[in-house]
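First comes the structure, then the notes that go with it.
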Amino acid sequence: MRHRVLSRLPELRGPTARRVHGEPCKEPVVNAGWCTCCRADTEFVETGVWLRDQYLCAQCKSIPRFRAVNLTLDTYMPGWQQASIHESSPCHDFIRRYCENYSCSFFHEGVPVGTLHQGTRCENLEALTFPDEMFDVFVTQDVLEHVFRPDLAVREIMRVLKPGGAHVFTAPKRKGLRSTRQRATLHGDSVVHLLDAQYHGNPIGDGRALVTWDYGDDFEVYLWAWCGYPTVTYVVRDRRLGIDGEYLEVFVTRKITPPANLTLSSPGSTSNPGTTAMR
């Protein structure tokens with residue numbers, strides 16, 4: 001995949017990386033490249049050691065996973081700019097700025113779903129109010145680890161996708177975690193913590209989002225069991241595209257009829273027929 005992608009990029013300009021690996025560096029580590037979010041030659045700057053959030057495009061300030069999602073759309077869904085795209089809980093405009101038929105929603109606690117709240121639509125991924133087969137592409141970026149019932153969420157997303165449509169998403173797939181595990185559940189209106197509470201950032205509310213699931217090596221098997229469609233996992237690591245760091249996976253679940261020779265695996269099975277890694 002890398003050779004196909006790079007053959008389409010404009011000629012790269014600017015300095016090469018300034019760090020010699022293994023040696024301390026007083027100035028920020030910088031390398032030249034081309035950004036899939038701002039569509040321009042740029043420099044990518046390491047502002048810290050956690051590259052997933054601290055490897056920024058000098059122009060648009062995008063981070064690696066944003067660029068990886070746009071790269072996936074560009075490579076595997078040509079013409080996505082004219083598609084009908086819905087995004088849940090976006091924290092940037094790197095898809096909206098290019099898509100002619102874009103919509104988004106957030107979950108606002110206490111707000112009726114399907115209504116507007118402060119200019120944005122309120123939707124619950126576990127019970128969407130959209131009609132069947134409405135969107136070509138549904139995007140979630142680091143959202144599924146924060147819902148209590150991801151099984152309901154992915155089924156709802158597939159319901160509102162048109163035939164042949166795709167759910168394009170990111171979620172941390174924890175390195176070394178063999179089996180997916182639930183961290184928190186709901187009992188009535190009360191949160192029950194099965195493991196120590198962990199929080200990630202949130203673009204709305206108090207800025208915190210409870211982590212409800214840790215996804216492991218069997219994540220794609222769970223997705224297969226939950227929604228009935230296979231998921232392809234794409235991984236690109238290329239500093240000329242500003243994509244480096246941890247948790248670079250972009251998952252794509254397409255609403256297509258699986259081949260007859262594919263059988264449903266159950267979580268805990270060692271086989272994973274719904275997964276392909278592109279490295």
Can you give me the number of residues within region 133-171 that are under 17 Å from residue 103 (Cα atoms), part of a loop (DSSP other than H, G, I, E, B) and in contact with a helix residue (DSSP H, G or I) (Cβ under 6 Å, 6 or more places away or on another chain)? 1
Can you list residue pairs whose Cβ atoms sit under 8 Å apart, with the first residue in region 35-58 being under 21 Å from residue 95 (Cβ atoms) and modelled with pLDDT of 95 or more and the second being among the hydroxyl-bearing types (Ser, Thr, Tyr) and not in a loop (DSSP other than H, G, I, E, B)? Count only pairs 6 or more apart in sequence or on different chains. 35/42; 44/55; 57/42; 58/42
Just the residues that are among the hydrophobic types (A, V, I, L, M, F, W, C) and either touching a His at 6+ places or on another chain (Cβ under 7 Å) or surrounded by 16 or more Cβ atoms within 10 Å (Cβ to Cβ) (or both), please, taken from region 88-112. 94, 95, 99, 104, 106, 107, 111
Close pairs from region 114-129: first within 24 Å of residue 212 (Cα to Cα), partner surrounded by 18 or more Cβ atoms within 10 Å (Cβ to Cβ) and of a type in the set (Ser, Thr, Tyr), Cβ under 8 Å, at least 6 apart: 121/105; 122/105; 123/88; 123/105; 125/88; 125/140
Test: residue 190 is farther than 14 Å from residue 138 by Cβ, among the hydroxyl-bearing types (Ser, Thr, Tyr) and without any contact (Cβ under 8 Å) to a residue 12 or more places away in the chain: yes
Note on residue 128: of the conditions (1) buried (at least 17 other Cβ atoms within 10 Å of the Cβ); (2) farther than 18 Å from residue 73 by Cβ; (3) among the hydrophobic types (A, V, I, L, M, F, W, C); (4) in contact with a Cys (Cβ under 8 Å, 6 or more places away or on another chain), unmet is (4)
State whether one or more residues within region 102-114 are more than 30 Å from residue 163 (Cα to Cα) and at pLDDT below 95. yes
Looking at the structure I just gave you, is residue 180 modelled with pLDDT of 95 or more, of a type outside the set (Gly, Ala, Ser) and surrounded by fewer than 18 Cβ atoms within 10 Å (Cβ to Cβ)? no
Determine whether residue 207 is modelled with pLDDT of 95 or more and of a type in the set (Gly, Ala, Ser). no
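The values are calculated or read from the model by the stated rules, or taken from the named source; none is laboratory data. Here the structure is a predicted model, which means the values were calculated and not measured. With ideal geometry, Cβ positions are generated from the backbone for all residues, glycine too; neighbour counts draw on all protein chains shown.
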